Amino acid sequence: MDLFINIFVGIIIAATPLVFAAIGEVVVEKSGVLNLGVEGMMITGALTGFVMTVHSGSFTVGILSAIIAGALMALIFAFITQSLMGNQVATGLALTLFGLGLTALIGNSYTAESIPDFPKIFIPVISDIPVLGPMLFHFDILIYVSIALVFGVKWFFDKTRLGLTVIAVGDNDDAAHSIGYPVRLYRYCTLMFGGGCAGLGGAYLSMVQTPMWVEGLTAGRGWIALALVVFGAWMPVRAMLGAYLFGGISILQLHSQGFGLAIDPQFLSMLPYLATIGVLVAISLNKKGSSKLKAPACLGKPFYASD
Amino acid sequence: MLKIEKRREPSQAMVYITPFIAIALTIICGFLLFAIMGKDPFRATSLIFFEPVTSLYNISELLVKASPLILIALGLSMGFRAGVWNIGAEGQFTIGAVTGSAVALAFYEMEGFYILPLMCLAGILGGMLWAAIPAFLRTKFNTNEILVSLMLVYVANLLLSVLVHGPLRDPDGMNFPESRLFSDSALLPLLMEDGRAHIGFLVALVFVGLALFIQERHMLGFQIKVTGQAARAAQYAGFSSKKMVWVSFMISGGLAGLAGTFEAAGPVGQLVPTLPAGYGFTAIIVAFLGRLNPIGIMLGGLLIAITYIGGETAQIALTLPSATTSVFQGMLLFFLLATDILINYRIKWFGFFKPVAKGK
């Protein structure tokens with residue numbers, strides 16, 4: 001039973017950086033922008049969160065600065081793609097390269113530093129319930145924040161006027177512009193939100209999950225988050241479930257030797273990537289079936305307002 | 001205060017001027033970055049940009065780095081022109097290195113003029129095979145080729161790792177995850193006595209000429225251009241978009257695979273797990289820096305190679321991490337993409353406080 005609880009908790013913790021990054025990108029892509037720089041924003045958040053915690057000694061300062069750092073990276077992307085109409089695919093790649101390089105450059109002197117354990121919430125009585133207590137009520141606060149964020153975004157798109165406007169901007173930017181919505185402003189905002197989420201996801205990695213800093217800490221998680229958005233067919237809750245599935249695969253990898261699986265661990269490491277491809281194919285097969293599964297119509301296309 | 005106005009026609013002058021503006025801006029920002037980090041900015045800048053062309057050895061190293069970049073970027077540029085995004089050239093490079101090396105190891109301790117051509121063929125086919133996966137999924141199921149080709153990079157690297165730990169490992173190598181050293185017939189001839197520059201650079205130059213011919217004189221070049229600029233017009237003209245996806249992936253995959261074989265048979269001389277050094281990703285910058293034009297790509301490849309060598313020199317001389325190079329490369333790409341706007345648009349400055357006049 002203890003092993004089961006450990007695995008369950010491990011999956012949730014492994015998945016949470018992906019949940020944050022993916023939910024941010026869902027909002028970005030809903031507004032019609034494809035930001036491939038998630039990896040770059042995540043790692044910037046990871047380093048910023050870690051460094052600021054080392055210097056200030058406060059987790060709150062660390063978390064907040066990670067969010068701001070991710071959003072600032074997204075601002076570079078927004079300026080080039082929205083104001084200067086640069087190619088989104090290439091700009092996203094540049095963001096990733098730049099983020100990975102800059103963090104390695106600055107983070108070089110922080111690899112030996114350490115920070116204290118991130119506090120877990122312990123609610124008397126409830127957290128003491130056998131099995132369920134340690135499974136559901138003994139996490140750090142960020143996990144609850146991530147779940148709340150996912151449902152918040154779902155509510156935003158389903159129930160609010162602003163959310164519907166964002167969807168309209170992503171599906172038909174020209175029409176949205178002609179009835180007077182500031183398309184660029186909306187996209188600046190969604191991009192900054194996405195950057196903040198990616199930064200937070202990175203910070204979760206460097207401050208809670210590992211907690212340490214090494215060059216290239218995110219190890220491709222930003223790219224997996226991008227795939228999860230497609231996996232979830234641009235739906236927040238599905239993207240989150242996808243993240244947990246991936247968390248499960250990575251934990252399976254860790255425990256495979258314990259289970260006595262006689263597979264080369266490198267083949268197991270391939271699983272998340274192969275699963276992503278499988279899911280992408282499944283999604284594309286499904287496209288004709290339901291109109292809900294469609295990508296935002298303006299995804300990745302530049303927008304030029306001709307007054 | 002700023003207003004962006006569409007030009008009637010794209011500015012040809014700007015196509016050539018903007019890369020230099022981007023390079024200048026990158027140098028300025030790099031200068032500031034070094035100053036902030038407390039390193040002597042004059043020394044760092046000159047180490048990165050000028051030191052690499054000062055000695056024959058460094059120039060030879062420069063050609064070693066430029067060859068794979070130019071080869072891969074040439075292939076990618078064809079796809080980018082047609083609107084096909086192969087982001088996974090790094091994976092195709094790795095698989096090309098594996099298949100090329102497998103042939104080299106199969107002919108271990110045998111001599112013959114035919115070994116090297118066979119290796120190149122295997123490398124090209126390996127790269128094509130890996131590129132065929134995203135091409136097939138895209139044309140058959142309309143699956144996003146960006147994500148599929150990218151996921152396959154990670155799979156390719158893991159596959160390389162499995163192979164050098166297992167079937168391709170040197171039997172006398174005391175369990176080190178490395179292949180045997182290639183025999184002489186499986187190594188690329190060198191260009192100069194000193195240094196590691198090999199004939200791969202000449203091959204890259206031949207492909208530059210070939211790409212120039214296809215782009216300017218061949219029907220395929222025209223089809224690629226039309227498909228990229230006006231997909232619907234291409235459809236009416238009867239150009240198959242599926243064919244374009246396949247052609248783009250086969251050319252870029254094949255060239256990336258060839259570059260991988262060259263890397264194993266040239267500077268490295270064996271198959272090692274650290275062989276994929278990011279050329280496949282950097283080539284994307286090279287393609288953009290060269291404006292997707294073969295001559296531009298050749299110059300862009302050489303320039304990026306300079307930053308590689310310079311980055312390594314600066315790394316040792318100023319104790320900077322190796323990632324310094326990717327900071328510069330990322331910035332360069334940012335500035336290129338940002339200044340792209342000057343080609344199709346004109347920027348008007350209205351002063352700080354004057355409101356933008358409407359309708360003018």
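The values are calculated or read from the model by the stated rules, or taken from the named source; none is laboratory data. Predicted, not measured: the structure shown is a model, and the values here were computed from it. Every residue, glycine as well, gets a Cβ built from its backbone with ideal geometry; the counts of neighbours run over all protein chains shown.
List of remarks:
- Any chance residue B:110 is buried (at least 22 other Cβ atoms within 10 Å of the Cβ) and away from every other protein chain (no Cβ under 14 Å): no
- Inside the range B:2-43, residues that are in contact (Cβ under 8 Å) with a residue 24 or more places away in the chain, basic (Lys, Arg) and not in a helix (DSSP H, G or I) make up a count of 4.
- Just one of (1) assigned to a helix (DSSP H, G or I); (2) surrounded by 15 or more Cβ atoms within 10 Å (Cβ to Cβ) fails for residue B:232. It is (2).
- Complete set of residues in the range A:263-274 that are part of a helix (DSSP H, G or I) and either more than 9 Å from chain B (Cβ to nearest Cβ) or acidic (Asp, Glu) (or both): A:265, A:268, A:271
- Within the range B:257-278, the residues that satisfy the criterion of being assigned to a helix (DSSP H, G or I) and at pLDDT below 90 are B:266, B:267, B:268.
- In the set A:63, A:106, A:121, only one residue is farther than 26 Å from residue B:34 by Cα, of a type in the set (A, V, I, L, M, F, W, C) and more than 21 Å from the chain's Cα centre (by Cα); that residue is A:121.
Here's the yes/no breakdown for (1) more than 9 Å from chain B (Cβ to nearest Cβ); (2) modelled with pLDDT under 95:
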| position | (1), (2) |
| --- | --- |
| A:59 | yes, yes |
| A:70 | yes, no |
| A:73 | yes, no |
| A:91 | no, yes |
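- Residue among A:113, A:39, A:29 that alone is in contact with a helix residue (DSSP H, G or I) (Cβ under 7 Å, 6 or more places away or on another chain) and assigned to a loop (DSSP other than H, G, I, E, B): A:113
- Total residues in the range B:157-172, condition aliphatic (A, V, I, L, M), touching a residue at least 24 places away in the same chain (Cβ under 8 Å) and within 12 Å of chain A (Cβ to nearest Cβ): 4
- Residue match in the range A:230-241 (condition: within 19 Å of residue A:10 (Cα to Cα) and assigned to a loop (DSSP other than H, G, I, E, B)): no
- For beta carbons closer than 7 Å, sequence separation of 6+ or different chains, a first residue in the range A:182-194 that is small (Gly, Ala, Ser) and a second that is crowded, with 23+ Cβ neighbours inside 10 Å, the qualifying pairs are A:194/A:24; A:194/A:25; A:194/A:27; A:194/A:28; A:194/A:35; A:194/A:74.
- Filter pass, residue A:54 being assigned to a helix (DSSP H, G or I), free of Cβ contacts under 8 Å to residues at least 24 places away in the same chain and away from every other protein chain (no Cβ under 14 Å): no
- Applying the condition of being of a type in the set (Phe, Trp, Tyr) and not in a loop (DSSP other than H, G, I, E, B) to the range A:116-151 and asking which residue is farthest from residue A:1 (Cα to Cα) yields A:151.
Residue-wise test of (1) without any contact (Cβ under 8 Å) to a residue 60 or more places away in the chain; (2) of a type in the set (D, E, K, R); (3) on the phi > 0 side of the Ramachandran plot; (4) away from every other protein chain (no Cβ under 14 Å).
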| position | (1), (2), (3), (4) |
| --- | --- |
| B:215 | no, no, no, yes |
| B:220 | yes, no, no, yes |
| B:226 | yes, no, no, yes |
| B:254 | no, no, no, yes |
| B:257 | no, no, no, yes |
| B:265 | no, no, no, yes |
| B:269 | no, no, yes, yes |
| B:295 | no, no, no, yes |
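- Among the residues making up the range A:182-195, those that are surrounded by 16 or more Cβ atoms within 10 Å (Cβ to Cβ) and either over 15 Å from residue A:302 (Cα atoms) or not charged (D, E, K, R) (or both) are A:183, A:186, A:188, A:189, A:190, A:191, A:192, A:193, A:194, A:195.
- Residue A:218, sole failed condition from (1) surrounded by fewer than 18 Cβ atoms within 10 Å (Cβ to Cβ); (2) in a loop (DSSP other than H, G, I, E, B); (3) of a type in the set (Val, Ile, Thr): (1)
- Subset tally (residues that are within 13 Å of chain A (Cβ to nearest Cβ), over 25 Å from residue B:91 (Cβ atoms) and of a type in the set (Val, Ile, Thr)) for the range B:297-323: 1
- Considering the conditions (1) of a type outside the set (Gly, Ala, Ser); (2) farther than 27 Å from residue A:210 by Cβ; (3) in a helix (DSSP H, G or I); (4) touching a Pro at 6+ places or on another chain (Cβ under 6 Å), residue A:85 is excluded by exactly one of them, (3).
- Just one residue in the set A:243, A:176, A:203 is more than 27 Å from residue A:63 (Cβ to Cβ) and buried (at least 19 other Cβ atoms within 10 Å of the Cβ); that residue is A:176.
- Only one of the numbered conditions (1) more than 14 Å from chain B (Cβ to nearest Cβ); (2) crowded, with 23+ Cβ neighbours inside 10 Å is violated by residue A:114, and that is (2).
- Index of the failed condition, residue A:106 passing every other in (1) hydrophobic (A, V, I, L, M, F, W, C); (2) away from chain B (no Cβ under 11 Å); (3) more than 30 Å from residue B:81 (Cβ to Cβ): (2)
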